[in-house]
Amino acid sequence: MAKWTTFPFAGDYNFDAGSVRNQWARLHAGDLEPLPDDPGLLQAWAYFHNGDFDKAMHLGLDMGLAGLNVANKAACVYATYLERQEATRLALFVEAAERAEAQIKQQPDNVNAYYWRAYALGRYSQGISVAKALAQGLGTRVKTDLEHVIQQQPTHPDAHIALGSFHAEVIDKVGELIGAMAYGAHKSTGLTLFQQALKFNMASTIGMVEYARAMLMLDGDAMMQEATRLYQQAARTQPIDAMERLDVEMAKAELED
């Protein structure tokens, strides 16, 4: 695979295994990933939080089953925010989904394996067009995985965000009637999921950004003022790590558009 694009704010974050351990609860308030004991795995997460996504993915993969969540998160975050080539982005999502699928067979109780399979398939679906993905049955797979995550961990903020985005994207593409009848997508459910996510993790920058996007998809100009407020709130956030920094920069970009 071609060399990965460098995190544009390299050097701004300097986590090591110890500082990741100490700040774990804040760093993983979104995905509720369990704190690992293995120093090598903590180092993989340190690479991730510093924005060294390539190193995080490869060290995670080197650690086998235990490292798949960090490997998949690194690949998905990198592909979402930094990869410029669409074919490479889509390939990264497919690979992450396939790894997560194999992981689920061996670790059926690993909640975030389901989350990363859903996230990867969701982003892949956006890349090939949501309408095409729905026709291929990918939407149902994403929804099922995210509902499973929430059933197992009812306060999983990122799963609420992703499932809220699913409802909004489907309704935006096929309308409320077909969305409800064919895919179980409902406007009120989607908005409630975002509200719950921000209740569980009030500092979630990506929660604010995706909630604002969903408002605009579902209600258009009527929600412009509230969506702008959320983008502004996200843009003012002091990011704790590389991923949050990318979310803050995304919020700023939305305000400029």
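Summary table
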quantity: Any hit, segment 13-23, residues being in contact with a Lys or Arg (Cβ under 9 Å, 6 or more places away or on another chain), surrounded by fewer than 16 Cβ atoms within 10 Å (Cβ to Cβ) and modelled with pLDDT of 95 or more; calculated: no
quantity: Search result, residues across segment 146-165 that are without any contact (Cβ under 8 Å) to a residue 40 or more places away in the chain, outside any loop (DSSP other than H, G, I, E, B) and surrounded by fewer than 24 Cβ atoms within 10 Å (Cβ to Cβ); calculated: E147, H148, I150, Q151
quantity: So F194, is it over 19 Å from L32 (Cα atoms), aromatic (F, W, Y), touching a residue at least 12 places away in the same chain (Cβ under 8 Å) and touching a Gly at 6+ places or on another chain (Cβ under 9 Å); calculated: no
quantity: Selection count where residues are touching a residue at least 24 places away in the same chain (Cβ under 8 Å) and either assigned to a helix (DSSP H, G or I) or touching a Lys or Arg at 6+ places or on another chain (Cβ under 7 Å) (or both), scope segment 230-241; calculated: 5
quantity: Residue match in segment 31-39 (condition: farther than 21 Å from A102 by Cβ and either in a helix (DSSP H, G or I) or acidic (D, E) (or both)); calculated: yes
quantity: Lone qualifier among R21, R84, R26 - being assigned to a helix (DSSP H, G or I), among the basic types (K, R) and touching a residue at least 24 places away in the same chain (Cβ under 8 Å); calculated: R26
quantity: Some residue of segment 213-229 being outside any helix (DSSP H, G or I) and either among the small types (G, A, S) or crowded, with 17+ Cβ neighbours inside 10 Å (or both); calculated: no
quantity: Some residue of segment 193-203 being farther than 21 Å from E244 by Cβ, at pLDDT below 95 and outside any helix (DSSP H, G or I); calculated: no
quantity: Condition check for D62: without any contact (Cβ under 8 Å) to a residue 12 or more places away in the chain and more than 14 Å from the chain's Cα centre (by Cα); calculated: yes
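The values are calculated or read from the model by the stated rules, or taken from the named source; none is laboratory data. These numbers come from a predicted model, not from an experiment. FYI the Cβ positions are ideal-geometry reconstructions off the backbone, even for glycines, and counts take in every protein chain you see.
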